[in-house]
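The values are calculated or read from the model by the stated rules, or taken from the named source; none is laboratory data. No experiment lies behind these values; they were computed from the predicted model shown. Methodologically, a virtual Cβ is constructed for each residue, glycine included, from the backbone with ideal geometry; neighbour enumeration extends over all protein chains shown.
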């Protein structure tokens, strides 16, 4: 089974960029959400291996959604992906072994490195199916 | 010169908003480092310059405002505006100099000089982030500051030639999370720059 990812961002461009990088590396996209409310609904329905979560979003922002996900599953892998490159965002996941922070803009390398670290995959391993089993 | 395309499709609007989000997020983050406070941005919006009213931006046409402006040169020429109430600009400068007495009274010249420095920092962080994202080059002109105007007069002062008002504006609110100040970042794109950005995004998505 491929590792599954739920992509959460109000920007279709951002979602398409993340999707492109992840699919090319062998990950499966469990779903895509455009705000924090949708993200929580889809997190419950899809049980993804990892969530990429934007911060600045309408309805429910990413930090609120992140804290809610943490209440539901303290071990869920969550990557905060935001253009707000600030200490208070980084501190949110500083002592969280299942959380990380990636500032926008990012390269394919940056994204895959962060995702693989959260999922405890080998950094050079492009065979996600093998590593995920 | 590319003709102005007012019929952007949803995908293009979304892409330009994300470009604004990346720029505004970095500008707010740079401001946060300067003043030692948590700063965030709202969801960006798009509008066409000829229908943009600065009093709408500030929501009070009689408010005395500060407008910092800077030209972005290079592959995607643009104008950058930072708009805030005068009292909020004073507060930001106070935060930037924590050792100075609160509400330090600046002479008008010193006030404008400090604001020009602020404009340069915010514009560079905004445009550099966009340039990095799109893989293009950006350079900058000197910053200017208008400090003694009301919001209703801003448009005429900044854009006296009404023939050239047809620019796309990507705008985002910025504020500290304690809500002690707020302002607007406005990135004004010519039709050529808009076309260049959309072309680069198409290339990036392959």
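A few points about this structure:
- Boolean, residue B:65 is buried (at least 17 other Cβ atoms within 10 Å of the Cβ), part of a strand (DSSP E or B) and either within 14 Å of chain A (Cβ to nearest Cβ) or modelled with pLDDT of 80 or more (or both): no
- When A:78, A:93, A:115, A:51 are screened for being more than 14 Å from chain B (Cβ to nearest Cβ) and more than 21 Å from residue A:22 (Cα to Cα), only A:93 passes.
- Inside region B:68-104, residues that are modelled with pLDDT under 80 and touching a helix residue (DSSP H, G or I) at 6+ places or on another chain (Cβ under 9 Å) make up a count of 6.
- Just one of the listed residues (A:32, A:38) is over 13 Å from the mean Cα position of the chain (by Cα), within 20 Å of residue B:11 (Cβ to Cβ) and more than 10 Å from chain B (Cβ to nearest Cβ), namely A:38.
- As for region A:17-28, it holds at least one residue that is under 17 Å from residue A:76 (Cα atoms) and modelled with pLDDT of 95 or more.
- Selection over region A:22-44 of residues that are surrounded by fewer than 18 Cβ atoms within 10 Å (Cβ to Cβ) and assigned to a helix (DSSP H, G or I) gives a count of 5.
- Residues (under 14 Å from the mean Cα position of the chain (by Cα) and not in a loop (DSSP other than H, G, I, E, B)) located in region A:68-98: A:69, A:70, A:77, A:78, A:79, A:80, A:81, A:82, A:93
- Taking the conditions (1) modelled with pLDDT of 90 or more; (2) in contact with a helix residue (DSSP H, G or I) (Cβ under 7 Å, 6 or more places away or on another chain) in turn, residue B:54 satisfies each one other than (1).
- Residue that is surrounded by fewer than 21 Cβ atoms within 10 Å (Cβ to Cβ) and either within 24 Å of residue B:112 (Cβ to Cβ) or modelled with pLDDT of 90 or more (or both), where the choices are B:195, B:151, B:172, B:143: B:195
- Looking across region B:188-205, the residues that are within 15 Å of residue B:8 (Cβ to Cβ) and within 14 Å of chain A (Cβ to nearest Cβ) come down to B:197, B:198, B:199, B:201, B:202.
- Restricting region A:84-102 to residues that are under 21 Å from residue B:24 (Cα atoms) and modelled with pLDDT of 95 or more, the residue that is surrounded by the most Cβ atoms within 10 Å (Cβ to Cβ): A:101
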